[in-house]
1. Work out how much length Ala143 to Arg127 would gain on full extension: take 0.36 nm times their residue separation and subtract the Cα-Cα distance, in nm to one decimal.
2. Where does helix 50-61 land angle-wise versus the long Cα axis of the chain, in degrees 0 to 90, nearest 10?
3. Report relative contact order for the chain in percent, whole number only (criteria: Cα-Cα under 8 Å, sequence separation at least 6).
4. Given the Cα-Cα distance of Glu74 and Asp51 and 0.36 nm per residue of separation, how much length would full extension add, in nm?
5. Can you tell me what share of the DSSP beta bridges in the chain is antiparallel? A percent to the nearest 5 is fine.
6. Angle check, please: helix 64-76 long axis (alpha carbons) against the longest principal axis of the chain (alpha carbons), in degrees 0 to 90, nearest 10.
7. Hey, can you grab everything whose amide H is under 5 Å from the amide H of Leu32? Only 5+ residues off in sequence or another chain; H modelled, so Pro and N-termini drop out.
8. As a test of the definition: which semi-axes, in Å, follow for segment 6-140 when you take the square root of five times each eigenvalue of its alpha carbon gyration tensor? Largest first, please.
Amino acid sequence: MERDHPQWSHAFQRHVDINNEQLARRAASGELPGGGHGEAPANATRWQSADAMVVATHGLANSPEYRAKLASAEANGTVRFTVTRPLPEVLGPAWRADVYGRTAASRGNQASQWDAGGVAVGTWQRRSDGRWHPLTCYPQPGALR
């Protein structure tokens, strides 16, 4: 997938190939893998394998939400859109084995808490060839109550 869609390097670098230490630094300070800084997310997350990310992306791309947002983007000339679906919907009942993260609330010292409200978030972008390509995909824990 990364070879066929080179812009996916962001998704692989930040949401597959990132290790526990890098996740903790990302959650604590916003430090990005490979250097640089961004805003520290509430949870710095990763897929436990590239396969999990590809399956989640496929599930997102086959959802009614994806079809509706794609049609809207085509009609409005939008160049990017995001789809969010529940993790069990895109990965199946054993989804917890496919996700991991560190929480910013503990400065990266604690694993993220995953509940049934967890989602997969995918963003697609129209490229210069006019086709839509996946830009990124990441898991996100549900809000703790």
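Read the figures in this text as sums done on the coordinates, not as results from a lab. Fair warning: this is a prediction, and the values are worked out from it, not measured in the lab. As a convention, Cβ positions derive from the backbone with ideal geometry for all residues, glycine included, and neighbour counts pool all protein chains shown.
1. Values: separation 16, 0.36 × 16 = 5.76 nm, distance 3.32 nm.
Extending this stretch completely gives an extra 2.4 nm.
2. Here the helix axis deviates by roughly 40 degrees.
3. On the way: 270 pairs, mean separation 40.0, N = 145.
Once normalised by length, the contact order is 28 percent.
4. Here the answer is 5.4 nm.
5. Working: 22 of 22 bridges.
Restricted to the chain, the bridges split so that about 100 percent are antiparallel.
6. So the helix axis and the longest Cα principal axis differ by about 60 degrees.
7. Here the answer is His37, Gly38, since their amide H atoms fall under 5 Å of that of Leu32.
8. Details: eigenvalues 134, 62, 30 Å².
After scaling each eigenvalue by five and taking roots: 26, 18, 12 Å.
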